[in-house]
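Okay, so here's the structure we're looking at.
FYI, it's all coordinate maths here, none of it is from the lab. For clarity, every value in this text was computed on a predicted model and none was experimentally measured. When we count neighbours, we look across all protein chains shown, and the Cβ atoms used for this are built from the backbone with ideal geometry, even at glycine.
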Amino acid sequence: MLSMIVKRVLIAIPILLVTSALTFLLQALIPGDAARAIVGAQGSQESYQQVRDQLHLNLPLWQQYTTYLGNLLHGNLGTSLFTGEPVLQSITSRLPVTLSLIIGATVVAAVVGIVLGAVSAKIGGWLARLIDVLALVGMALPNFWFALVLVSVFAVAIPLLPATGYTPLSQDPGLWLASIVLPVIALAIGGIAQVAKITRDGVSDAMEQDYVRTLRAGGVSEGALLWKHALKNSGVPVVTVVGLGFVGALAGSLFVENVFVLPGLGSLVNTATTQHDVPVIQGVALAYAVIVVAINLVIDISYAFLNPKVKTR
Amino acid sequence: MSAVTPIVEPGITNGTANAGLRGLLRRPLAVAALIVLAVIVVACVLAPVLTPYQPLSQNLNAVMQLPSAKHILGTDTLGRDVYTRILFGGRPALLGALEAMVVFGVIGIILGLIAGYSRDAVDRVISVFVDLLMSLPGIVVMFAVLALFNNNLGAAMVTLGLFSSGGLVRVVRAATKATREELYVAAARVSGLGSMRILLRHIAPKLVGPIVIQVSLFAGIALVVQSGLGFLNLGVVAPAPSWGGMVGEASQVISQSPWLLVPSGGIIGITVLALGIIGDAVRDINAETKSRSGGITRKRALAPKATAATAPADGDALLVVDGLRIAFDTPRGESEVVHGISFSVRRGELIGLVGESGSGKTVTALSLLGLLPPNAAITSNRTVFDGREFTSLSKEELHQLRGAGIGLISQEPMVALDPSFTVGQQLREVIRAHGGISRADAHRKAISLLEDVRLPEPESVARRYPHELSGGMAQRVVIALSLAGEPKLLLADEPTTALDVTVQAEILDLLRALRDERGMAILLVTHDLGVVADFCERAVVMQHGRIVESKDIDQLFGAPEHEYTRALIAATPSLIDLTDVEAQNVEVASNAR
């Protein structure tokens, strides 16, 4: 178990290195050069040179990268070309917003999806079809569009919840919850149906296995067979899909944060993209890679919990 | 992190591409999706011809109008015709999705084929590359590309395709590997066909299904991402029309004109939905060609039929079954598999239910526990267990009967135990299902049951998971489980078939010893007359859902009346001598006891 965790953490190092190299190399790939792209065709020669210096563009490429990497190891992700704010600071101050959203969306998708899936495995019929339809619709309609519909219903038509803005959890838990309810639902809709589908398939398959028959013959109740035995045995694919849903919510937050004007990483990326703020984008790309590595670690650990064969191997 | 990964089981197709297309055309929903998609694509391509207005021409006197004859989808905040803007906005959307799709498909297919078809080293390199691709934050890299390549949508979509292709590589690799192992491919290789030829002629057609599924779902995702970029005013910049951009414009006036959300979101939804339906249909077709089994339908009551057989009168009977009929509802109609059989089991008796596969013996045994699938219809004139009528038993009573009255030992010990829970957890759960026992007491009882089935170190066995047991040990655990409710009748369905010969004998010895200790009857369901001769005191022989003979063992082997019984005995090599020599057989049969 411990050795598996160590192994996963070690695997994370090349992933982060490649991410950093990739985002770094992107600068070198652009036609012309990054500084020109940043200051624009109308930018003065002076500001152009200034940006070149700031990006260390006058150094050879490998030296630029080692400098970048060296700074990285010291927690220095550079500074924004526009606000001058250290990138690490912008990221850490915005991380709680994005994490609230994607963790919330993942939890909602997992809980609702698993319950729906298990129940529909038992009763089948209309609920199973509803999940199929929901899965298709959830995939077809973009989550930012869902977000807008939610706003127009629950913030505009029936003013229950705030349409925009974010209240930190430390400031007021009630308002924090109110501020993330709609974005979390918008991000969770697609995931709910996917989780429900995979749970339904896994559970109905498990309910037909010999071991369920053995336990049923032994007098174990139908409830325990469904919610304990069948569910745990279909745990691995369900957790995989929940993990994919987490990553999907992370991607979705790039768009949904914009709808609710939430000061998270997504809106940071948007602004940085329109402003060609390269250091910020590089920093956020790394932050995303770290988040994904972390969630994959959590998933691997839960595999070991769900599948005893992994644990003892 | 791959940018976005379509969640699909990597189904492996059996049908060829043509069969798949024909299957698609048989599904009305899929045909509708194909038509809708074709209409949208053609309409967007022909946008300048089909639209009455210019996408950018404003009319500030007619802003935010609802649909009318002049503007069939209404007008937006600047009085521009929404229908016109949707057709023009579809062009970057479809083009962007196409670009992403091509990159996704080309990389996924080529790398997948190479990985699936080549030796370990190359395969491993590609696997590492894919793992890396899937854990990189592709969608953020896409934003970086937009920032650096001057908001170039094409570059962004190419990036998206590249970073999402890992999933397709895996699917194609798996399908290629599976196909590679098939006989005809091996035959082609032996007959000297070149790798490239085999790949194109024999393997590629099998991959069409999984690839179409992945590509169509990814196309939908690419479309959603493209519209997301438009929504953020990236890629396609206002005032140029884009589907996502129109959602963005609608969001500005969400309280004044919520209608504007409908056409903009609707066109994205319809297009992606069409792609999704096509993908789903192809997956269903794949699944169908894989297994053409009929679905299970709901139980329908069978009209009780008169039975010729009568229940044997027996004062000491634990179980009396009279005129049992079992039928299954199948898509091809009802099919009766047990035709009104009658038999009885005495208390403490070792009785065999013998027959070849398909004779209805397992179905009969499972019906006694109510463990048949829901499409089974069971009727009998009378079933009495331990003095109680079975048909009168409520659902709760039947539930109590399971384990407490009748226990079950099934065929494959390795799959009869839940792989996710320890032996001890499962034993305790079954023990506690039979009455309010504390955890500690349940544990004590679990350990004593493991001792009863002669498992050494019961405490250690209780902590183990099923995969840590040998087949023989697992079967002992299954027996312990079946004993937990102290049943009066144990149904043993081929309990030794999956085991080694030496282990078989041990398990039979154990069952006999348990009978002696506990006085419960054991109904042994088996096809193996050798086991019957060794273990049982009496046997019931079944053929085609009917009982053909029912006798004490000595008589059965000594003087088999029915020709089927004789054939069964003749087919059991270790028993042939017995039937030939009358004098020997009584002796051997009694030795066998």
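Find out how many positive minus negative residues lie around B:Q58, taking Lys and Arg as positive, Asp and Glu as negative, among other residues whose Cβ is under 12 Å from that of B:Q58.
Values: positive: B:R80, B:R85; negative: B:D76, B:D81.
With Lys, Arg at +1 and Asp, Glu at -1, the net is 0.
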Net charge of neighbours whose Cβ lies under 15 Å from the Cβ of B:A238, counting Lys and Arg as +1 and Asp and Glu as -1: 0
Neighbour-count ranking for A:W227, B:W243 (other C-beta within 10 angstrom, fewest to most) reads A:W227, B:W243
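Given C-alpha coordinates of chain B, what is the ratio Rg to Rh with the Kirkwood estimate of Rh? Mind dumping the intermediate values first?
Values: Rg = 34.3 Å, Rh = 30.0 Å.
Result: Rg/Rh = 1.15.
Based on a Kirkwood Rh over C-alpha pairs, give the Stokes-Einstein translational diffusion coefficient of segment B:358-444 at 10 °C and viscosity 1.306 mPa s in µm²/s.
Details: Rh = 15.2 Å.
Once the numbers are plugged in, D ends up at 105 µm²/s.
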Express in % the proportion of alpha carbon pairs of segment B:426-498 at distances exceeding 14 Å. 59
Ratio of Rg to Rh for segment B:83-290, alpha carbon only, Kirkwood? 1.08
Rounded to whole Å, √(5λ) for the Cα gyration tensor eigenvalues of the protein assembly as shown, largest first, gives 64, 30, 27
Taking chain B as the reference, fit the longest principal axis to its C-alpha atoms, fit the long axis of helix B:82-117 to the helix C-alpha atoms, and give the angle between the two in degrees, 0 to 90, nearest 10. 50
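Beyond a 25 Å Cα-Cα separation, which of these cross-linked pairs lie in this structure: A:K197/A:K228; A:K197/A:K232; A:K122/A:K232; A:K232/B:K361?
Values: A:K197/A:K228 18 Å; A:K197/A:K232 16 Å; A:K122/A:K232 15 Å; A:K232/B:K361 32 Å.
Result: A:K232/B:K361 exceed 25 Å.
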Return the single residue from A:V290, A:V184, A:V195 with maximal mean-square fluctuation; model: Gaussian network over chain A, springs between Cα atoms under 10 Å. A:V290
The alpha-carbon pair-distance distribution computed for segment A:38-95, with 10 angstrom bins and whole-percent values, is 21, 43, 31, 5
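Just to be sure I understand: if I project the alpha-carbon convex hull of chain A onto a plane and average over all orientations, what area do I get in nm²? If you can, show how the numbers build up before the last one.
Numbers: hull surface 83.7 nm².
That works out to 20.9 nm².
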Taking neighbour counts of Cβ atoms within 10 Å as a proxy for exposure, in what order, fewest first, do B:M414, B:M157, B:M101 appear? B:M414, B:M101, B:M157
Give me B:K361, B:K445 sorted ascending by neighbouring Cβ count inside 10 Å, so fewest comes first. B:K445, B:K361
Less than 18 Å from a label point 7 Å out along the Cα-to-Cβ axis of A:L177: which backbone N atoms in segment A:97-141 qualify, by residue? A:100-109, A:111-112
Using Cα positions and a limit of under 12 Å, work out the aspartates and glutamates in reach of B:K445, with same-chain residues fewer than 8 apart set aside. B:E429, B:E459, B:E486
Rg and Dmax of segment B:467-574, using alpha carbons, in Å: what are they? 14.9, 47
Cβ-Cβ FRET estimate between A:L2 and B:S191, R0 fixed at 41 Å, reported to 0.05: 0.20
Out of A:T199, A:T83, A:T273, any idea which swings most in a Gaussian network model of chain A, alpha carbons joined below 10 Å? A:T83
Which value results when the Cα radius of gyration for segment A:85-143 is divided by 2.2 N^0.38 Å? 1.68
Those aspartates and glutamates that a straight Cα-Cα span of less than 12 Å connects to B:K70, excepting residues fewer than 8 apart in one chain: B:D81
Gaussian network model of chain A, springs between alpha carbon atoms under 10 Å - residue of A:I198, A:I114, A:I15 with greatest fluctuation: A:I15
Centre separation in Å (Cα based) which lies between segment B:82-99 and segment A:153-230: 35
Acute angle (nearest 10 degrees) that the helix A:235-259 long axis makes with the longest principal axis of chain A, alpha-carbon atoms: 40
Degrees, to the nearest 10: B:120-135 long Cα axis against longest axis of chain B: 60
Using the alpha-carbon centroid of each, what span in Å lies between segment B:508-539 and segment B:316-356? 18
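Using a Förster distance of 25 Å, how high is the FRET efficiency between A:T240 and A:L25, based on the Cβ-Cβ distance and rounded to 0.05? Each step should come with its number before you reach the end.
On the way: r = 31 Å, r/R0 = 1.24.
It comes to 0.20.
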Could you tell me what percent of the DSSP beta bridges with both partners in chain B are antiparallel, to the nearest 5? 60
